[in-house]
Structures are given as structure tokens and as C-alpha cells.
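Below: one structure, written as C-alpha cells.
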Amino acid sequence: MAFDFEQIKQTMVSAGKEVSEKAKEASSIAKLKLDIHTKEEFLTKQYAELGKAFYQAHKNEDVPERSFFATIAEAEEELDRLNNELMDLQGAVRCPKCGSKQSDDNVFCNQCGTNLNWKNPEYENFEEIIHGENVSEGNSQL
């Protein structure tokens, strides 16, 4: 029994080409699926932004979509409550000016510089301490 090496070679080359084509096809399919998924995510975000903009612009108006507004408002309130609960557990506060999350012991916001302790009596005269001024008398100590 003699082997026909040329036929085996041709069969292997043919099989290799077929595998290569299938791999290219699978790669193309995977890339297209990824592109589709990415574009779907982009569209979802765009729809969400559009919906948010519409809601912000019309939340106090009587529009046909008003029925959605109560659900959104309730979800926003619950989200605020949950975020505040989380911030309490983490010992954090929210800057009243820019809204960024800050450590509870920060005197000033590390994003915008707003005084975070304006209600704290210990920091009542913070301008006097920082600027060397007597705020109540308007005198400068510099």
C-alpha cells in the first residue's frame, strides 16, 4: 500500500486554506458584532441624553409624556437618598457649589475651592484666618 504524498499534500493545503478562510470569516463576524454592539451602546446613550434633555426642559410643563415624569422624579429622589446614605457611610460630603464628592474633613472643595465648613462655628472666621483680615471690622492685619 503506497501513499500518494502529493494527494495528502493537496488535501492538507486545501484544508489549511479552508480553515484560514473560516478563521477570517469568524474574525469578520466577530468584528462586525463588536461594531454593531458599540453603535447600539452609542445610540442608547444618545437616546438617554435626548430623553434627559427633554425631561429637564419640560418637567414642569403639561406634555403628553408627563406620565413618565413622576416615575423619573421618584427614581431621582431614591437615587439621591441612596447616594447620601453611601456618602454618610463613607464619611463624605457633597460640595454645595460644584456637587463633587469630598472627604468630610476637607475644609475646601478640592475641585472648585468652595468653603465646605461654612456652617461649622470653628470656621466661622475662616477669611480672617486665611487672609489675615478681621472680617467683622473690615481691618487688614497684613
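Can you confirm whether Leu43 is aliphatic (A, V, I, L, M) and closer than 30 Å to Asn117 by Cβ?
No; evaluated as a whole, the condition is false for this residue.
Pairs under 6 Å by beta carbon, first residue basic (Lys, Arg) in the range 76-104, partner surrounded by 14 or more Cβ atoms within 10 Å (Cβ to Cβ), six or more apart or different chains?
Note: pairs meeting the criteria are Lys97/Thr114; Lys101/Ala92.
Looking only at residues in the range 44-99 that are surrounded by 13 or more Cβ atoms within 10 Å (Cβ to Cβ) and of a type in the set (S, T, N, Q), which one is modelled with the lowest pLDDT?
Asn84
Any idea how many residues of the range 74-98 are in a helix (DSSP H, G or I) and of a type outside the set (D, E, K, R)?
Within the range 74-98, residues that are in a helix (DSSP H, G or I) and of a type outside the set (D, E, K, R) number 9.
Of a type in the set (Phe, Trp, Tyr) and surrounded by 10 or more Cβ atoms within 10 Å (Cβ to Cβ): is that true of Phe3 in this structure?
Spelling it out, it is not the case that Phe3 is of a type in the set (Phe, Trp, Tyr) and surrounded by 10 or more Cβ atoms within 10 Å (Cβ to Cβ).
If you go through the range 56-73, how many residues are among the basic types (Lys, Arg) and part of a loop (DSSP other than H, G, I, E, B)?
Number satisfying all stated conditions: 1.
The values are calculated or read from the model by the stated rules, or taken from the named source; none is laboratory data. The structure presented is a predicted model; accordingly, all values stated were derived computationally and were not measured. Neighbour counts run over all protein chains shown; Cβ positions are idealised from the backbone, glycine included.
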